[in-house]
Amino acid sequence: MNKIKELLANIPNIEIEIDKDLSKYSTMRLQSKGDFISVKDLDGLKEVARTLTENNLNYMVLGLGANQLLNERIEHPIINLDFDYDRRILNQYRESYILPASVKLSSLTSHAYKFGNMRWEVITGIPATLGGAVFMNAGTGLGWISEIINRVWYIDKEGNEYLHEATESSFSYRQNNFLKPGDIVYQVELVSKGQDENLGEKIRNYLLMRNKSQPLKEKTCGSVFKNIVGDKRTCTAGQFIDILNLKGLQVGDVRVSNLHGNFMENFDKATARDVKELIKIVQEELYLNYGLKFEPEVRIDI
């Protein structure tokens, strides 16, 4: 029996798939396989994390894989949350919503479009789950998800439960400041700042703008590089790449988007190796020409 299956055999409400094809768990659809643990409830999650930790096995959490490069073979077991919840919570406007981390942001955007939840427009068009968005403080040109986060429930790698009350210091640019390695967000409270009858139009217009300026229909991981903030910034990462005429640059089956310089597209059967090599080339060109070190926004250490 596979070691992972043997260790987790007696834990209820989980499903284990060995050497699973993970391409659909990456928005870039990279060629990847790994041992996949689907967890249905909190008790199962706590027991899985505790058991893996006790056996000196690191794990990774995977939602939609919007900002992750999945290697061709993932060595660590993968945890995917699939908590059920009462979907009637999205049938009407509320000032507060307690939701599982596995909820897709697209579902929340649709709710905001219908009921006018103020400031929820900040998550428009982000292909992520709620938990992943909290982890990386996902945002758009309209703002950051941290603006509407009130509380975050999570466990550590020993299975202990925690509740974090969000403050201004809980998040910063493209990151959270309170989760440690091995922590897993399982539930989040979002708040609405009131209702705006024009919010649906704002969301629609923003999606139209993004579709014109970003390759949203292609297989990408979202923005590849973080923008440099502060005195050294004169352009966004995408604008710097555009000025250097790097659009269309290709390694293997991945290329810099011709529509937006800070996106890379998998146009066939790209692997993480292809993407990492292209990232390295673009970074070197940016540093050679501008003396600036652009940090990847996408996670490349897995």
Selection count where residues are touching a Lys or Arg at 6+ places or on another chain (Cβ under 8 Å), under 26 Å from Pro296 (Cβ atoms) and either aliphatic (A, V, I, L, M) or not in a loop (DSSP other than H, G, I, E, B) (or both), scope segment 165-183 = 1
What number of residues within segment 103-146 satisfy the criterion of being in contact with a strand residue (DSSP E or B) (Cβ under 8 Å, 6 or more places away or on another chain) and at positive phi?
-> 4
Report, by residue number, each residue of segment 185-242 that is of a type in the set (Ser, Thr, Tyr) and assigned to a strand (DSSP E or B).
-> Tyr186
Residue within segment 278-293 that is under 25 Å from Lys104 (Cβ atoms) and in contact with a Leu (Cβ under 7 Å, 6 or more places away or on another chain) present | no
Considering Gly238, Gly261, Gly252, which residue is on the phi > 0 side of the Ramachandran plot and not assigned by TED's automatic domain parsing to the domain that holds His111?
-> Gly252
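Yes or no, residue by residue, for (1) in a helix (DSSP H, G or I); (2) among the β-branched types (Val, Ile, Thr); (3) surrounded by fewer than 16 Cβ atoms within 10 Å (Cβ to Cβ):
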site	(1), (2), (3)
His260	no, no, no
Glu265	no, no, no
Ala270	no, no, no
Lys276	yes, no, no
Lys280	yes, no, yes
Glu284	yes, no, yes
Tyr287	yes, no, yes
Phe294	no, no, no
Looking at (1) of a type outside the set (Val, Ile, Thr); (2) closer than 24 Å to Lys104 by Cα; (3) surrounded by fewer than 16 Cβ atoms within 10 Å (Cβ to Cβ), find the lone condition where Glu158 falls short.
-> (2)
Qualifying residue in segment 178-195 (condition: surrounded by fewer than 16 Cβ atoms within 10 Å (Cβ to Cβ), on the phi > 0 side of the Ramachandran plot and either in contact (Cβ under 8 Å) with a residue 24 or more places away in the chain or outside the structural domain of Gly65 (by TED's automatic domain parsing) (or both)) | yes
Given Phe115, Phe135, which one is among the aromatic types (Phe, Trp, Tyr), more than 30 Å from Arg50 (Cα to Cα) and in contact (Cβ under 8 Å) with a residue 40 or more places away in the chain?
-> Phe115
Just for helices (runs of 4 or more DSSP H) wholly inside segment 2-115: which have at least 3 residues that are surrounded by fewer than 14 Cβ atoms within 10 Å (Cβ to Cβ) and more than 17 Å from the chain's Cα centre (by Cα)?
-> 3-8
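The values are calculated or read from the model by the stated rules, or taken from the named source; none is laboratory data. Since the structure is predicted, the reported quantities are computational estimates derived from the model, not experimental observations. When we count neighbours, we look across all protein chains shown, and the Cβ atoms used for this are built from the backbone with ideal geometry, even at glycine.
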